[in-house]
Amino acid sequence: AVVGAGHCPGITRILTNDEPVDLEQISVLPSSVGLGTLLMWTIPMVILGSFAYLYSQDAALASASSKVWILANGVPTSIGALIALSHPLVIILAFVAAPITSLIPWIGAGVVTGLLQIYLVPPRVKELESLSEEIGVTKMWWKNRVLKVFLAFILPSLGSAIGTFIGAAELFNALFDT
């Protein structure tokens, strides 16, 4: 079995001293719904609730706000994918995915773009072998396919985060103008 170094002293102590182990204590699963889960869903729910309220008050304003949300999220995310020199389909998908993934806490636009980049342009063995040398050379980040996957993840993620804040600010401006 593989054991983390931090666990070795405790395991050694228990085995050498023949100490009893309380399996009940380590078998209990922690509650999955906590403050973190609540906070994770707060922003998407506020944004979706704002859209719902806008649609109930002024459908034309809500429609315009939806277009702003799509553009505010899609454009910076696509620019991130473009700066990463991602595959053209990745750049297009970045635009499509960003407005949706901004509302889903466990999957971001960068996850989608990174996975698509690795699927469309898979790394070669030689690039994996040279990774430790090339990671320290900035220009290689755009040449080595492994590093390019990281760029295709990081830069669209940054663009999506920026777009979410811009889109939310515009949405709240429209919300408070009604």
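When each of Ile107, Ile92 is tested for being in contact (Cβ under 8 Å) with a residue 12 or more places away in the chain, open to solvent by 50 Å² or more (accessible area, probe 1.4 Å) and β-branched (Val, Ile, Thr), the lone residue that passes is Ile92.
Let's see how each residue does on (1) modelled with pLDDT of 90 or more; (2) open to solvent by 50 Å² or more (accessible area, probe 1.4 Å); (3) in contact with a strand residue (DSSP E or B) (Cβ under 7 Å, 6 or more places away or on another chain):
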| residue | (1), (2), (3) |
| --- | --- |
| Ala1 | no, yes, no |
| Thr12 | no, yes, no |
| Glu19 | no, yes, no |
| Ala60 | yes, yes, no |
| Ser63 | yes, no, no |
| Trp69 | yes, no, no |
| Pro76 | yes, no, no |
| Leu82 | yes, yes, no |
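Per the listing Pro122, Pro156, the residue uniquely crowded, with 19+ Cβ neighbours inside 10 Å and either in contact with a Pro (Cβ under 9 Å, 6 or more places away or on another chain) or not in a helix (DSSP H, G or I) (or both) is Pro156. For the stretch 98-108, a residue qualifies if it is touching a Leu at 6+ places or on another chain (Cβ under 9 Å) and assigned to a helix (DSSP H, G or I), and exactly one does: Pro99. Tally the residues that are open to solvent by 100 Å² or more (accessible area, probe 1.4 Å), at pLDDT 80 or above and closer than 30 Å to Ile100 by Cα, restricting the search to the stretch 21-42. Of the residues in that region, 2 qualify.
Taking the stretch 125-140 as the range and being open to solvent by less than 90 Å² (accessible area, probe 1.4 Å), farther than 23 Å from Leu82 by Cβ and of a type in the set (A, V, I, L, M, F, W, C) as the test, only Leu131 passes. Within the stretch 22-42, one or more residues are assigned to a helix (DSSP H, G or I) and within 19 Å of Ala169 (Cβ to Cβ). Candidates in the stretch 47-58 are the residues that are hydrophobic (A, V, I, L, M, F, W, C) and touching a residue at least 12 places away in the same chain (Cβ under 8 Å); of these, the one that is surrounded by the most Cβ atoms within 10 Å (Cβ to Cβ) is Leu54.
Is it fair to say Trp41 is of a type in the set (A, V, I, L, M, F, W, C) and touching a helix residue (DSSP H, G or I) at 6+ places or on another chain (Cβ under 9 Å)? Here the answer is no, as Trp41 does not meet what is asked. Against the definition (of a type in the set (S, T, N, Q), open to solvent by less than 90 Å² (accessible area, probe 1.4 Å) and in contact with a helix residue (DSSP H, G or I) (Cβ under 7 Å, 6 or more places away or on another chain)), how does Thr101 come out, yes or no? Criteria met by Thr101. Residue count for the stretch 142-152 under the criterion of being open to solvent by less than 70 Å² (accessible area, probe 1.4 Å) and either in a helix (DSSP H, G or I) or closer than 30 Å to Phe51 by Cα (or both): the result is 7.
The values are calculated or read from the model by the stated rules, or taken from the named source; none is laboratory data. Quick caveat: nothing in here was measured; it's all calculated off a predicted structure. Reconstructed Cβ throughout: ideal geometry from the backbone, glycine too, with neighbour counts over all protein chains shown. Quick note on the areas: whole protein, heavy atoms, side chains included, nothing else; ligands and nucleic acids left out. Shrake-Rupley method; radii C 1.70, N 1.55, O 1.52, S 1.80 Å.
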